[in-house]
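Here is the structure we will look at.
The values are calculated or read from the model by the stated rules, or taken from the named source; none is laboratory data. If you're wondering where the values come from, they're calculated on a predicted model, not measured in any experiment. We place every Cβ from the backbone using ideal geometry, glycine too, and count neighbours over all the protein chains shown.
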Amino acid sequence: MEMLSQFQTIGSALFTQGLISSCGGNLSVRFGERLIITRRGSMLGALSGADLVETHIDRNDQSTPLASTELAVHRAIYMATSTQAVVHAHPSYAVALSFTRSVLAPHDVEGKAVLPMVPVLGEDEEIKPGDFAEEIAEALKRVKLVFVRGHGSFAAGQLLEEAYYYTSCLEHSCYLCYLLEAMGEEKQLPRATGEI
Ligand SMILES: [Zn+2]
């Protein structure tokens with residue numbers, strides 16, 4: 001699939017599934033020593049060629065100011081790992097659960113298999129785009145997806161499709177956690193344990 005259509009497919013899927021608002025979230029892929037990332041303020045549900053910005057992973061150039069406000073996080077991930085693609089989204093149920101949890105631990109079979117433990121970074125401080133770049137990159141050496149409290153998910157994969165799958169899987173699991181909690185069942189279920 002051509003590069004633009006990959007971005008369009010994943011951006012549109014994130015938006016139609018409610019995993020981002022109209023101008024929320026961002027996507028990138030590694031491109032040699034550079035990365036291609038969505039433009040600052042772009043609408044992921046309606047991307048055009050002008051919304052893709054190519055810039056260096058390790059230094060600024062004339063395109064850098066156009067890049068997503070989360071560029072620092074994407075760069076840190078590519079520098080620390082062999083990841084080829086990154087999806088950042090704001091999935092509502094996961095954001096809601098992240099306010100009160102230090103990990104997001106799915107109960108459903110698919111969630112447990114794909115994302116057994118999702119670390120939640122950040123405490124009560126005001127979080128700005130680009131925050132926790134080093135911590136997110138470090139965590140993504142061990143897990144496929146990491147969450148920033150009250151903000152959103154950063155998923156890493158070999159393809160945008162893969163990182164998108166982790167994102168949608170997380171939200172599905174968090175929705176199920178929410179339902180179980182509403183039913184008064186969640187506390188009775190065993191929690192996943194182990195190192196994250
Ligand atoms: Zn964000």
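Of note:
- Cβ separations smaller than 6 Å between residues 6+ apart or across chains give the following pairs from region 72-95 residues that are in contact (Cβ under 8 Å) with a residue 24 or more places away in the chain to residues that are charged (D, E, K, R): A76/E134; Y78/R30; T81/K141; Q84/R30; H88/E70; P91/E171; Y93/E171; A94/E171.
- Condition check for G157: within 16 Å of the ligand (Cβ to nearest atom) and within 24 Å of S82 (Cβ to Cβ): no
- In the condition set (1) among the polar types (S, T, N, Q); (2) more than 16 Å from the ligand (Cβ to nearest atom); (3) buried (at least 19 other Cβ atoms within 10 Å of the Cβ); (4) outside any strand (DSSP E or B), S42 is compliant with all but (2).
- Taken as a whole, the condition of being surrounded by 14 or more Cβ atoms within 10 Å (Cβ to Cβ), within 14 Å of the ligand (Cβ to nearest atom) and not aromatic (F, W, Y) does not apply to H107.
- Among residues of region 133-149, those that are in a loop (DSSP other than H, G, I, E, B) and in contact with a helix residue (DSSP H, G or I) (Cβ under 6 Å, 6 or more places away or on another chain), counted: 3
- Looking only at residues of region 1-17 that are of a type outside the set (S, T, N, Q) and part of a helix (DSSP H, G or I), we find that the one that is nearest to the chain's Cα centre (by Cα) is L14.
- Of the residues I20, I37, the single one that is outside any strand (DSSP E or B) and surrounded by 15 or more Cβ atoms within 10 Å (Cβ to Cβ) is I20.
- Selected residue (only one of S68, S63 is touching a Ser or Thr at 6+ places or on another chain (Cβ under 7 Å) and within 25 Å of L121 (Cα to Cα)): S68
- Residue check, V95 under 12 Å from the mean Cα position of the chain (by Cα), surrounded by fewer than 20 Cβ atoms within 10 Å (Cβ to Cβ) and aliphatic (A, V, I, L, M): yes
- Every test in (1) in contact (Cβ under 8 Å) with a residue 60 or more places away in the chain; (2) part of a helix (DSSP H, G or I); (3) surrounded by fewer than 17 Cβ atoms within 10 Å (Cβ to Cβ) is passed by G130 save one, and that test is (2).
- The residue that is farthest from D51 (Cα to Cα), counting only those in region 9-33 that are within 16 Å of the ligand (Cβ to nearest atom) and hydrophobic (A, V, I, L, M, F, W, C), is L19.
- Selection status of R149, over 23 Å from G11 (Cβ atoms) and within 16 Å of the ligand (Cβ to nearest atom): yes
- Residue in region 164-184 that is more than 19 Å from K112 (Cβ to Cβ), modelled with pLDDT of 95 or more and within 16 Å of the ligand (Cβ to nearest atom) present: yes
- Condition check for E70: within 16 Å of the ligand (Cβ to nearest atom) and acidic (D, E): yes
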